[in-house]
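Down below is the structure, laid out as structure tokens.
The values are calculated or read from the model by the stated rules, or taken from the named source; none is laboratory data. Bear in mind the structure is a predicted one, so any value in this text is a computation, not a measurement. Neighbour counts are summed over all protein chains in view; Cβ atoms, including those assigned to glycine, are modelled from backbone coordinates with ideal geometry. Accessible surface areas use protein heavy atoms only, side chains included; no ligands, DNA or RNA. Shrake-Rupley method; radii C 1.70, N 1.55, O 1.52, S 1.80 Å.
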Amino acid sequence: MCRKFTGMRIEENYSLRSLNTFGIEANCRYFIEINSLEDLKQALTWHAEHPQALLIVGGGSNLLFTKNHEGLCLKMNIQGIEQIEETEEYVHIRAGAGVIWHELVQYCVQKGYHGMENLSLIPGTVGAAPMQNIGAYGVELKEVFHSLKAINRQSLELHDFSKEDCDFGYRHSIFKTTHKDQYIIYSVDFLLSKKARINTSYGAIQDTLKAMGITEPSSADVSRAVIQIRQSKLPDPKITGNAGSFFKNPTIKLSEFERLQKQFPTVPSYPVSAEEIKVPAGWLIEQCGWKGKRIGDAGVHPLQALVLVNYGKASGQDIWNLAMSIQKSVQEKFGIRIQPEVNIV
Ligand SMILES: Cc1cc2nc3c(=O)[nH]c(=O)nc-3n(C[C@H](O)[C@H](O)[C@H](O)COP(=O)(O)OP(=O)(O)OC[C@H]3O[C@@H](n4cnc5c(N)ncnc54)[C@H](O)[C@@H]3O)c2cc1C
């Protein structure tokens, strides 16, 4: 069923199955597609008049629906990439929240704007990227981020947030903590270098470039290498439902790591600071014997233990139950509590 509010289309009991990469069957009570700032203001006005839970969806590639959303869902579809400023060294661009992230990366690679190539092929939209400061292959969003515009859900005012305001960290921004559920990201600005600044610090990129016979890679080469690696390692959500890494890599104190290393001498690690160490959650999960396991249609990917998959008809609750069993066994074996990276609805 569909109703109208000042010309805006409001769908009722709308299926979100095609709007989440896990492919979970879940409905929302009301659904509005947002194509402009005006749509966003009208939708929030309607929401203020009909108070209920509010969910923002971009590409649904970092969401797990464990139940129906008994409220309003706004699908961010605001398009547009524009150039704001250009100097000899930098170009400043702005992209709408609904722009597909990988399309923006490809736009930049083709134009010769450097900095985003390592973030090729991450699913989802531009508006969601700052939420968890997306990162891959040695680069995080914050390295190319300039600022963003977000609308306050209560006042409907548009606010500017600088990089410092966002307080980016590993899979972290203020929009997940102090400013959670207060703002909707409308557009994001990026500062990209016109001079190549290739980052091949990640071993897999070096190996792939070598196999491609490339010794002096361009940004486009790095992008192609990253795409190749990702396609060989990660399941394609169009074929097997998933949301990428289900858990964050835990950061633990150095003293705790030393204790762990005594018991498990092969534990891999990455220093975060003089006091803290990051441990790959995928390794912890694999050591607990979960890699490739399947319970009904919910499973742990056979090549990447950090990725939980829906083999077809798993419910969100099935995936969640599996995640909780994994969390429990990692806690019991290693004394480390791994936390979901995926947003649970
Ligand atoms: C195969 C695969 C690989 C992946 N690899 C990576 C990776 O390498 N690195 C990485 O960091 N992530 C990765 N992810 C996770 C995911 O792609 C990113 O988190 C992405 O930024 C999510 O974008 P989305 O538009 O799909 O967000 P959604 O899943 O729709 O939403 C994610 C969160 O952001 C909120 N949100 C969405 N849009 C807005 C907005 N405009 N304003 C306010 N809130 C908003 C939602 O409410 C939700 O809480 C991967 C996912 C998959 C499926």
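Brief remarks follow.
- Helical content alone sets the calculated 222 nm signal of the chain at -7500 deg cm²/dmol, taking -39,500 (n - 2.57) per DSSP H segment of four or more residues and averaging over every residue.
- Each Lys and Arg contributes +1 and each Asp and Glu -1, all at the Cβ; summed about the Cα centre of segment 241-344, the dipole is approximately 200 debye.
- Annotation: extensible slack from residue 256 through residue 276 equals 6.3 nm (criterion: 0.36 nm per residue apart, minus Cα-Cα distance).
- Taking amide H as placed 1.01 Å from N in the peptide plane, residue 66 has its amide H under 5 Å from the amide H of 345, each at least 5 places away in sequence or on another chain.
- If the Kirkwood radius is taken over C-alpha pairs of the chain, then at 4 °C and 1.567 mPa s the Stokes-Einstein diffusion coefficient equals 61 µm²/s.
- Point-to-point label distance, residue 103-residue 52, nm (Cα→Cβ direction, 7 Å offset): 2.9
- Global geometry of segment 2-76, whether rounded, prolate or oblate, following the gyration tensor of its Cα atoms and the 1.5 cut on a/c: prolate
- Karplus-derived HN-Hα couplings along segment 245-254 (A = 6.51, B = -1.76, C = 1.60, θ = phi - 60°), whole Hz, x at Gly and Pro: 4, 7, 10, 7, 6, x, 9, 10, 5, 4
- Cβ-derived FRET efficiency at R0 41 Å, residue 87 paired with residue 13, nearest 0.05: 0.20
- Excluding ligands, DNA and RNA, the accessible surface per residue across segment 81-233 is 46 Å² with a 1.4 Å probe.
- Annotation: amide H-H contacts under 5 Å for residue 59 (H modelled 1.01 Å from N, sequence separation of 5 or more, or interchain): 125.
- Checking every one of the trypsin sites (Lys or Arg not before Pro) in segment 281-345 against DSSP loop status and a limit of 15 other Cβ atoms within 10 Å picks out 313, 337.
- The phi-based Karplus calculation (6.51 cos²θ - 1.76 cosθ + 1.60; θ = phi - 60°) puts the 3J(HN,Hα) values of segment 337-343 at 9, 7, 10, x, 8, 5, 7 Hz, whole numbers, x for Gly and Pro.
- Between segment 188-241 and segment 76-132, the alpha-carbon center distance in angstrom: 16
- Using the Karplus relation 6.51 cos²θ - 1.76 cosθ + 1.60 with θ = phi - 60°, the per-residue 3J(HN,Hα) values for segment 186-202 come to 9, 8, 10, 9, 10, 10, 10, 7, 8, 9, 4, 9, 5, 10, 10, 4, 7 Hz, with x marking Gly and Pro.
- Sorted largest first, the spans of the alpha carbon positions of segment 241-344 along the three principal axes are 45, 24, 21 Å.
- In segment 81-233, the alpha-carbon atoms span a convex hull of 107 Å³ per residue.
- Under the combined filter of DSSP loop state and at most 15 neighbouring Cβ atoms within 10 Å, segment 137-239 retains these GluC sites (Glu not before Pro): 157.
- Were the residues from residue 178 through residue 201 laid out at 0.36 nm apart, the gain over their Cα-Cα distance would be 5.0 nm.
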